[in-house]
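To start, the structure under review is shown below, and the notes come after it.
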């Protein structure tokens, strides 16, 4: 069985991955999500900081044997915002939006906080995390092959959401496939993982037949594995689900690679074309199975300049365990 992930780690990833702060001018806010307490340097650089701390825990047995245990936790989530006099949008406005956003995330994900969906939302060529590349080649290139080139910024706008607005790549040389490569940056220890699911929505066309084939890179065998294919000339979702030896698919920096290519190549006269509408990586960890909102309160610091606006949420979490009786 996978190791148990710490509650705070799970909640930090849940909030960081799903945070959507849209400012009054339509731009996306920059929020730093972390453990423990606020950092004034972060508040100077970011629009806000959100922190998570452990809080109280109560352990209960389920049944008479005591082998099944339930830990009920009360972790704290704090919003920290500086009220800057020269800011285009007030700190109170940012704080109010984050209050609503944290409430939205916890309510929507309350029964599955242990599942994280990595997508290309709000990313482009400046991204330090997830990346997307393209190539035309006669073989399946390894992730570090020099033939890969990053897709343009407009391409990122097309693959983050399923909306029939697709990024495409063509191959027009005989026996060449059209290929896409997706790099996902995970923030999880392989030891706590229970599954990895990779989903590609799109399709491929080629003179030899329609379809897309996807594979995942195994760092241990140094090969593309777990092939899944589609046969449609229109959008379809193709998935790879991994449940064992999961450490083999993540490198030391937490990167995971998904390859997508046209199932058939070009013949030199008709292009092979791959179309991607949406792509995601979904990870599941062994950790809390429930998280919901409890009481909240404002606790502003008006005795300092600039004023620190703070809101604290108390959450309720459930963690089920099976323990050995000796």
Quiz item: When residues of the range 52-94 are filtered for being surrounded by fewer than 13 Cβ atoms within 10 Å (Cβ to Cβ) and either closer than 12 Å to residue 309 by Cβ or without any contact (Cβ under 8 Å) to a residue 12 or more places away in the chain (or both), how many remain?
Solution: 4
Quiz item: Out of (1) at pLDDT below 95; (2) in contact with a helix residue (DSSP H, G or I) (Cβ under 7 Å, 6 or more places away or on another chain), what's the single condition that is false for residue 56?
Solution: (2)
Self-check item: the range 100-126: number of residues that are in a loop (DSSP other than H, G, I, E, B) and within 25 Å of residue 158 (Cα to Cα)
Solution: 8
Quiz item: Which residues, taken from the range 59-83, are in contact with a helix residue (DSSP H, G or I) (Cβ under 9 Å, 6 or more places away or on another chain) and outside any strand (DSSP E or B)?
Solution: 83
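Each row is one residue, and each column tells you yes or no for (1) modelled with pLDDT of 95 or more; (2) touching a helix residue (DSSP H, G or I) at 6+ places or on another chain (Cβ under 7 Å); (3) within 27 Å of residue 246 (Cα to Cα); (4) surrounded by 20 or more Cβ atoms within 10 Å (Cβ to Cβ).
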{"residue": "134", "(1), (2), (3), (4)": "yes, no, yes, yes"}
{"residue": "144", "(1), (2), (3), (4)": "yes, no, yes, no"}
{"residue": "161", "(1), (2), (3), (4)": "no, no, yes, no"}
{"residue": "174", "(1), (2), (3), (4)": "yes, no, no, no"}
{"residue": "209", "(1), (2), (3), (4)": "yes, no, no, no"}
{"residue": "220", "(1), (2), (3), (4)": "yes, yes, yes, no"}
Exercise. Select, from 214, 196, 240, 274, the only residue that is assigned to a strand (DSSP E or B), more than 21 Å from residue 134 (Cα to Cα) and in the same structural domain as residue 161 (by TED's automatic domain parsing).
Key: 196
Quiz prompt | Hits in the range 111-129 - residues which are more than 17 Å from the chain's Cα centre (by Cα) and surrounded by 14 or more Cβ atoms within 10 Å (Cβ to Cβ) | solution = none
Self-check item: Index of the failed condition, residue 146 passing every other in (1) free of Cβ contacts under 8 Å to residues at least 12 places away in the same chain; (2) in contact with a strand residue (DSSP E or B) (Cβ under 8 Å, 6 or more places away or on another chain)
Solution: (2)
Practice problem: Please go through the range 14-51 and pick out each residue that is surrounded by fewer than 17 Cβ atoms within 10 Å (Cβ to Cβ) and assigned to a strand (DSSP E or B). | Solution: 22, 28, 34, 35
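The values are calculated or read from the model by the stated rules, or taken from the named source; none is laboratory data. On a predicted model such as this, the values are computed, not experimentally measured, just so you know. So basically every Cβ, Gly included, is an ideal-geometry build from the backbone, and we count neighbours across all protein chains shown.
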